[in-house]
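Nothing in this text is a laboratory measurement; each read-out follows from the coordinates by a stated rule. Because the structure is predicted, anything quoted here is derived from the model rather than measured. When we count neighbours, we look across all protein chains shown, and the Cβ atoms used for this are built from the backbone with ideal geometry, even at glycine.
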Number of protein chains: 2
Amino acid sequence: MIRGFRFSEPQELPEHGVTVVFVELENTKIELLHPLGDKSPIAGFLAKNTSGGIHHMCIEVDDIEAAVKTMKEKNVRCLTEKTRIGAHGKPVMFLHPKDCAGVLIELEQT
Amino acid sequence: MIRGFRFSEPQELPEHGVTVVFVELENTKIELLHPLGDKSPIAGFLAKNTSGGIHHMCIEVDDIEAAVKTMKEKNVRCLTEKTRIGAHGKPVMFLHPKDCAGVLIELEQT
């Protein structure tokens, strides 16, 4: 049997333009995203990926300001000037996919 | 600081048409894929995603034959008739992205 999955209640994040549900596995979480509002940042992704797909990967970091500084020093572009508050109430920062092998990466403060 | 990453040595998997490197994080692994040979199954993905991207997600299961049976009962299509041996020397099975919200999912026996 596949190990037990736990599903969170849907959570609307108007600032991020998404509704999220977390699927908790033993050692990781899968975040299901649904567009919220007219200008959802995932609308373009869904237009390109009509069946859905893997939108981004999140890496937890101990100190997001230090991690962002390290990324900037390595010429990895950040998508916003400053961190924003993510689905867990902690600061997050998205990195430019072109600087991360085509992968949209979210850093999240633990 | 971002938590420490460990990189494995590159490993050629001719049967799968890829060379892999594993990046080990605290509670997960990222598998870097590079096409191997003329008929690599990831060639099409790289043609569509010229900067790279997230190719698939792997979920470990205790009993892959039971998991495959469950998937079939739920009308989730498997990409091969039988399991094959993956990068860790354990049986793996890929599920059809169209049946998994556009996501290519690999099941791997723990």
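Here are a few things to note about the model shown:
- Qualifying GluC sites (Glu not before Pro) in the stretch A:51-89, DSSP loop, other Cβ atoms within 10 Å at most 13: A:81
- Each other copy holds its own label point for residue A:51; taking that point as 7 Å from Cα along Cα to Cβ, the gaps run 2.4 nm, nearest first.
- Calculated FRET efficiency, residue A:8 to residue B:38, Cβ-Cβ distance, R0 = 41 Å: about 0.35 to the nearest 0.05.
- Average beta-carbon neighbours from other chains, 10 Å sphere, peptide A:96-106: 3
- For residue A:4, the point set 7 Å out from Cα toward Cβ sits 3.3 nm from its twins in the other copies, listed from shortest up.
- Chain A: angle of helix A:64-73 to the longest principal axis, Cα-based, in degrees nearest 10: 60 degrees
- Exam field: residue B:25 pseudo-label spacings to other copies (7 Å along Cα-Cβ), nanometres: 1.2
- Over chain A, dividing the summed -39,500 (n - 2.57) contributions of all DSSP H runs of at least 4 residues by the number of residues returns a 222 nm mean residue ellipticity of -4000 deg cm²/dmol.
- In a fully extended conformation the segment linking residue B:79 and residue B:98 would gain 5.7 nm over its present Cα-Cα distance, using 0.36 nm per residue.
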